[in-house]
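Values in this text are rule-based calculations from the coordinates and carry no lab data. Being a predicted model, the structure only gives us computed values, none of them experimental. Here the Cβ is made from the backbone with ideal geometry for all residues, glycine too, and neighbour counts use every protein chain on show.
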Protein chains: 2
Amino acid sequence: MAKNDQFVSQIADIETDFPQWYTDVVLKTKLVDYGPVKGTMVIRPYGYAIWENIQREMDARFKARGVENAYFPLLIPMSFMTKEAEHVEGFAPEVAVVTHAGGAKLEEPLVVRPTSETIIGHMYGKWVESWRDLPLRLNQWCNVMRWEKTTRPFLRTSEFLWQEGHSVYASGEEAEEETLAMLRLYEEFAKTVLCMPVLTGRKTEKEKFAGAAATYGMEAMMHDGKSLQSGTTHYMGQNFAKAFGVQYTDKDGELKYGYTMSYGVSTRLIGALIMTHGDARGLVLPPPVAPVQVVIVPIAQKKEGVLEACKSLGERLRKTGLRVTIDDSDNSPGWKFNEWEMKGVPLRVELGPRDIENGVLTVFRRDTCEKQELLLSEAENAVASLLGSVCKELYARAEKRMRERIVPANTLSELLSGVEGGFVRAGWCGERACEDKVKEFAQATARVMDETHDMPFCVCCGKKAKHTVFFARAY
Amino acid sequence: MAKNDQFVSQIADIETDFPQWYTDVVLKTKLVDYGPVKGTMVIRPYGYAIWENIQREMDARFKARGVENAYFPLLIPMSFMTKEAEHVEGFAPEVAVVTHAGGAKLEEPLVVRPTSETIIGHMYGKWVESWRDLPLRLNQWCNVMRWEKTTRPFLRTSEFLWQEGHSVYASGEEAEEETLAMLRLYEEFAKTVLCMPVLTGRKTEKEKFAGAAATYGMEAMMHDGKSLQSGTTHYMGQNFAKAFGVQYTDKDGELKYGYTMSYGVSTRLIGALIMTHGDARGLVLPPPVAPVQVVIVPIAQKKEGVLEACKSLGERLRKTGLRVTIDDSDNSPGWKFNEWEMKGVPLRVELGPRDIENGVLTVFRRDTCEKQELLLSEAENAVASLLGSVCKELYARAEKRMRERIVPANTLSELLSGVEGGFVRAGWCGERACEDKVKEFAQATARVMDETHDMPFCVCCGKKAKHTVFFARAY
């Protein structure tokens, strides 16, 4: 067995067993481990560093828009959940409940937050008094819990980390506008930070958030053609404002209900980027969130001057703001190559005595798996430029796949064959019965409705289509 | 009533009713609000921004030491808690318990983490195999829950935010060394970031962490002379390693138990800085963590050029990395002065038509409540230098108070009178009975043991003293 195959053989084949490939990759690269309670995960340093990078980039975007961070309690009185009828119906089946605390039974059971519309609605009801208090726009980074039957690390776990933004506006127009603006922010983030193309649009009634007037989603196509919901924004109308008494005195002296909206992305984004960019060798991490952007592997590292040259190059690159690791462990270069490839580091630099003598370095690009030589004297600019090319290539490749695998369908059987390898774009009459039938027939759901509506007939009943919908099988 | 008194009158007198002063200040400056469940708090944007600044500064220190962040599950199987006998005894009475989830009763109740030694011990038991895996040093930023009877925002709430670091070493010496090194890190942080003097030292057996071999604490003297425990580090010996099977194969081929340690600081630090630096007018925030470091108040802001000059100055200061707010609201300058003083902003800049004409600005220092004029052309350097002086002054003032209010005591009655206004330094024989008697007689506890032991006799029984102890009433 060739050296290069030792690592690859640890990972299931990406084409024939994608689910096992995913499990192998997330465990073997030490992104994550299973927690002791069924359905929970431990996010290990290599995975958590990706989350920290996502947080930093996302948080900066929120702050630039004037959104402020806050922190609301984990435990929500059960009675809050029931104040919004659809909300409790949607979330009650999957909440975890604290019934005892401090050695005694609680008078009222407390729900571990599955999302915080209710408790934040309660506080907003207390804080908002005048039109001067609006808009009120807060976000929190926290853990939430939804008891799920089938779980997979990052994709669906009983506890996960996320951000949830919650805003109140004086008018419905402003709240709706913000709902769309946050969707665009998520889309821009997915494209530029995760190098991940997405489809965005409004969700159907069946797929919307429990209690929302309208939900918008961001969907990404994974390696196997299935869809992963990667972020949602919700326009609540006055549903939660009325349930929690979020009222303000307007300029005209009248007492009015506010309009609320919310939005969230979670550690699921880590699953999304793994299944978008990964390949047969393992992870392929987008440079903006990769914990290590450049790994330097010394060649013949015991030879005089090699380690020093590697360290000096590392320092030069770090000074430009890059995250650089020098692997000076005792393992062989081949072993190191394989390990860092599996871990998805965007660029690997090889530097040995001959390179130093010639004033060059060899760079291996994880995305294309191609090597090239750079001048050592121009390393900073050349490496920065290469990382930019990696981002472009990752995006272009995923975008091409998505484009090629979105097919139109006019019949259920066309739809079925379409969702076996990707997304289907089809007309829909707007009836729940047809949506349910698509699910039953093809195990596919309406991911989002396309802004452009040009499919004339419902893929299911053949009647006039009200919407053009992207259908897919989804995680 | 003078304008200046309108705000002050909203806050209870700091000298005669410190507890009410604290409550008034934290609520009225919108640092925090009460949550709907008794004993919980909502951290509002002005308070959360302080926490973000604390996190950023602390996290950078951890990373510089090579500690990595991770995330472990919130819910801990009840059976884990009982694996370390002292640990369960200490924490069982105050845990919150999830008994139902996903619509069904759980087979085993799950504890909402009060601290994570047990679940992290379990994972370390799984991860650690060889001496090559050591030391293993992880930290997590998360929420924890301890059901408390008497609660106060930031000081003691059922849920709070913190960081908890957990490390495994091959030897006890290394683990003990790290326990002391983290204590020194906390002390340096308190001094330079919170401008807060502290006493550090080992805790008595009675006061140590449940399950630790030794606990070290950092104690700060509050405005009223009481002590606030502001950070702790724990050396666990092999207690948790044995309970959770954290074993490694050593270089000699033998299977050995590791030695663990942990350390934590929490949102309590926000309470500590409020009660250390606050004065009759409200908050006095240390510049390194103040959400707003400089507030610019335009004078005669409707006059041509005033707002523009304020904005231009604001931009110049922001470029140096400062957090600057321009208050261009419709309120009067006097109203603004009062509000920002209550909110504890370190420097207030006043800029009006005459100042602009003369090329000067007026700066009000929140710590000394003194004004001075600076040259507009030298604003960047002058403001930076002033902020440095504020830090020095805050530290010096608190340090002087602490020094003056630590008194020696040779008898219980001397101790009693000492702890009524500050800390007492006294000899202690080492017997639990004497420690208990001090508590009963003077409502004071042993905060930490002084490294310097020079008090010859026990303050309680008069026998030979084994330790010199700082006694105080504590939050």
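Observations, loosely collected:
- 10 Å Cβ neighbours from other chains, averaged over peptide B:62-75: 6
- Charge context of B:Tyr71, other residues only, Cβ under 13 angstrom, K/R +1, D/E -1: -3
- Highest average packing first - A:322-330, B:36-44, Cβ atoms within 10 Å: B:36-44, A:322-330
- Counting only DSSP beta bridges whose two residues both lie in chain A, roughly 80 percent are antiparallel.
- Residues with amide H under 5 Å from that of A:Ala474, placed H, sequence gap 5 or more: A:Ser227, A:Thr445
- If you plug the beta carbon distance of A:Glu414 and A:Ala181 into 1/(1 + (r/R0)^6) with R0 = 35 Å, you get a FRET efficiency near 0.45.
- Subset of B:Lys208/B:Lys437; B:Lys105/B:Lys149; A:Lys191/A:Lys439; A:Lys439/A:Lys466; B:Lys203/B:Lys226; B:Lys28/B:Lys343 violating a 20 Å alpha-carbon distance limit: B:Lys105/B:Lys149; A:Lys191/A:Lys439
- Folded to 0 to 90 degrees: helix B:306-319 orientation relative to chain B principal axis, Cα: 30 degrees
- Restricting the stretch B:39-110 to trypsin sites (Lys or Arg not before Pro) in coil, as DSSP defines it, with at most 12 other Cβ within 10 Å: none
- Taking the longest Cα principal axis of chain B as reference, the axis of helix B:432-442 is set at about 30 degrees.
- C-alpha long axis of helix B:268-277 to longest principal axis of chain B, angle in °: 50 degrees
- Gyration tensor verdict on chain A (Cα atoms; rounded if a/c is under 1.5, prolate if a/b is larger than b/c, oblate otherwise): prolate
- Förster radius 25 Å - calculated FRET efficiency between A:Gln238 and A:Asp436, Cβ distance, rounded to 0.05: 0.30
- Loop-located GluC sites (Glu not before Pro) in the stretch A:298-338 whose Cβ has at most 13 other Cβ within 10 Å (DSSP): A:Glu304
- Percent of beta bridges antiparallel (DSSP, the protein assembly as shown, rounded to nearest 5): 80 percent
- Among the GluC sites (Glu not before Pro) within the stretch B:1-101, those in coil by DSSP and having at most 11 neighbouring Cβ atoms inside 10 Å are B:Glu15.
- Note on B:143-155: average number of Cβ atoms from other chains within 10 Å of each residue's Cβ is 2.
- Residues of the stretch B:264-282 falling in the label zone of B:Arg156, defined by backbone nitrogen less than 19 Å from a point 7 Å along Cα to beta-carbon, are B:265-276.
- Cross-link reach list, lysines versus B:Lys302, counting only Cα pairs under 16 Å and skipping chain neighbours closer than eight places: B:Lys311, B:Lys336
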